[in-house]
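Engineer: My questions all concern the structure below.
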Amino acid sequence: MRIGIVGATGIVGTKLIQLLEKTHLPITELRLIASVHSSGKLIIFKEKLLEVYKISAEVFDNLDLVFFMASSDVAKEYVDVAISKGAVVIDNSSAFRMKENVPLVVPEVNQEVITKNDRLIANPNCSTIQLVVPLYLLSKINQIKRVDVSTYQAVSGAGKEAIDEFIEQIKNYETKKVKPQILPVKDELVHYEIINNAIPQIDVFENNNYTKEEMKVIHESQKILNKKMQISCTAVRIPVLNGHSESVTVTFENEVSLNLVKEAFNEEKNLIVLDDPKNQVYPLAKIANGKNEVFIGRVRKDIYANNILHFFVVADNLLKGAAANALQIAEKCYSEKIYGW
Ligand SMILES: NC(=O)c1ccc[n+]([C@@H]2O[C@H](COP(=O)([O-])OP(=O)(O)OC[C@H]3O[C@@H](n4cnc5c(N)ncnc54)[C@H](OP(=O)(O)O)[C@@H]3O)[C@@H](O)[C@H]2O)c1
């Protein structure tokens, strides 16, 4: 397989290159693509140095699969070009996720929606991916009426510039004030320090006073689960380098059985249950960091209502929330011979 990665120098692209070292996909060529700033840079893949190419129409010639791991603007400009040259595209940006004929896929949940006619597959938002894995399992045992989620999102979710800003603030915490310029949103007028802070804004606000990130979680979860259940989300950036956490409350139509819930969670091999409060065992960003699975714990029923369940779910936003999910999609397509690779 001839594979391309757009955004190969970014934090998600870098993770994908590392994952591709271990994949069973039969890679005959890996073409690394980024902006003009990275043109000519060398990156190690399987002990060889690969050159990074500047994005252009020609760079997509003769590729079977292209991972787009860059911004929505880059995807909007070049995804069609890659497809017109014969590649299948897996896009990690939000550019096409809500388009009607574009499958939005978390393999544990809805891999069956991909058909050989789909030349573009969208990878969901990181906060959505780790949420829908348990919601899907719960929806099989009881009808979900409503979901309320609060996120505690790591700085790496905002890209490499945000990480650099956070590290600068850590290094200079006691000596000098470093003026924030990236978080919560690079293009906004006002910026806040992330160190020693929790910022209840991820991405820009929409007219309904929810942020774009919050609305992505709502709309994408409904699309993936193929259900119009009520969902509300509050997305918060916290001073953690990597690993998103979420506190989730699910209201069911009927009374919920904790035993059935635990059975359902235990059956999914990519969902690791860490739930032993007496021994202080529960999911942590530090545990999820570097892992491809989703971690769940603090699973308990509501004190007042029999049809309400609470839990805490954590995942590595760069892996299961981005690169690992994208690769998992590609591997499923390969093992099921959807595209003849
Ligand atoms: N970070 C996360 O946790 C996460 C999770 C899920 C989804 N995502 C999504 O994944 C995408 C990448 O995120 P990231 O965090 O990896 O961002 P990042 O670290 O800022 O990297 C961005 C990448 O895009 C490249 N790029 C920038 N402008 C370009 C252009 N005009 N043409 C071609 N390439 C260009 C950059 O190349 P240069 O190095 O040359 O500038 C770099 O390789 C975004 O759509 C993001 O929303 C991120």
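Engineer: Where the centroid of each part is defined by its Cα atoms, how far is the stretch 96-123 from the stretch 295-341 in Å?
Structural biologist: Distance between centres, Cα-based: 15 Å.
Engineer: At a 10 Å Cβ-Cβ cut-off, how would you order Val133, Val240, fewest neighbours first?
Structural biologist: In order of increasing Cβ crowding within 10 Å: Val240, Val133.
Engineer: What are the extents of the Cα atoms of the chain along their three principal axes, listed from largest to smallest and rounded to whole Å?
Structural biologist: Taking the Cα atoms of the chain, the three principal extents are 61, 56, 42 Å.
Engineer: Check which residues have an amide H placed less than 5 Å from Ser232's amide H, if you skip close sequence neighbours.
Structural biologist: Excluding prolines and chain starts, which carry no amide H, the hits are Val147, Asp148, Val149.
Engineer: Over all distinct alpha-carbon pairs, what is the Kirkwood Rh of the stretch 128-317 in angstrom? Could the numbers behind the result be given before it?
Structural biologist: Working: mean 1/r = 0.0569 Å⁻¹.
For the stretch 128-317, the Kirkwood estimate is 17.6 Å.
Engineer: For the stretch 253-317, what is the charge dipole size about the Cα centre, in debye to the nearest 20, if Lys and Arg each add +1 at the Cβ and Asp and Glu each add -1 at the Cβ?
Structural biologist: On the way: 8 positive and 10 negative charges, 64 e Å.
The dipole of the stretch 253-317 has a size of about 300 debye.
Engineer: Right, here's the next one. Among 10-22, 272-284, 64-76, how do they line up from the highest to the lowest mean number of other beta-carbon atoms within 10 Å?
Structural biologist: With the highest mean Cβ count within 10 Å placed first, the list reads 64-76, 10-22, 272-284.
Engineer: If you don't mind, another one. Hey, what's the Kirkwood Rh for the stretch 92-133 if you take every pair of different alpha carbons, in angstrom?
Structural biologist: Values: mean 1/r = 0.0943 Å⁻¹.
When all Cα pairs of the stretch 92-133 are included, the Kirkwood radius is 10.6 Å.
Engineer: Might you report the magnitude of the Cβ-based charge dipole of the chain about its Cα centre, with Lys and Arg at +1 and Asp and Glu at -1, to the nearest 20 debye?
Structural biologist: In total the dipole reaches around 260 debye.
Engineer: Straight-line reach from Lys145: which aspartates and glutamates have Cα under 12 Å away, leaving out those fewer than 8 places along the same chain?
Structural biologist: In chain and number order, the partners are Glu253, Glu255.
Engineer: Ok, one more. Give the lysines whose C-alpha is closer than 22 Å to that of Lys179, dropping any in the same chain fewer than 8 places away, or say none.
Structural biologist: The qualifying lysines are Lys160, Lys171.
Engineer: Would you mind computing, in nm to one decimal, how far apart the modelled labels at Lys46 and Thr23 are, each placed 7 Å from Cα along Cα→Cβ?
Structural biologist: With each label placed 7 Å out from Cα toward Cβ, I get 1.2 nm.
Engineer: Using only the alpha carbons of the stretch 27-145, determine the length spanned along each of the three principal axes and report them from longest to shortest in whole angstroms.
Structural biologist: Answer, in whole Å and largest first: 54, 31, 26 Å.
Engineer: Suppose every K and R has +1 on its Cβ and every D and E has -1 on its Cβ; what is the size of the dipole of the stretch 128-317 about the Cα centre, in Debye to the nearest 20?
Structural biologist: That gives a dipole near 180 debye.
Engineer: Roughly speaking, what is the centre-to-centre gap between the stretch 199-240 and the stretch 17-50 when only Cα atoms are used, to the nearest Å?
Structural biologist: Computed from Cα coordinates, the inter-centre distance equals 33 Å.
Engineer: Counting other Cβ atoms within 10 Å, which trypsin sites (Lys or Arg not before Pro) in the stretch 90-154 have at most 14 and lie in a DSSP loop?
Structural biologist: Lys99, Lys116
Engineer: Could I ask something else about it? Among the lysines, which fall within straight-line cross-link reach of Lys46, defined as a Cα-Cα distance under 19 Å, with same-chain neighbours fewer than 8 residues apart omitted?
Structural biologist: Output for Lys46: Lys15, Lys22.
The numbers here are math on the coordinates, done by the rules we state, and not lab data. Everything numeric here is computed off the predicted structure, so don't read it as measured data. Every residue, glycine among them, receives a Cβ derived from its backbone with ideal geometry; neighbour counts consider all protein chains shown.
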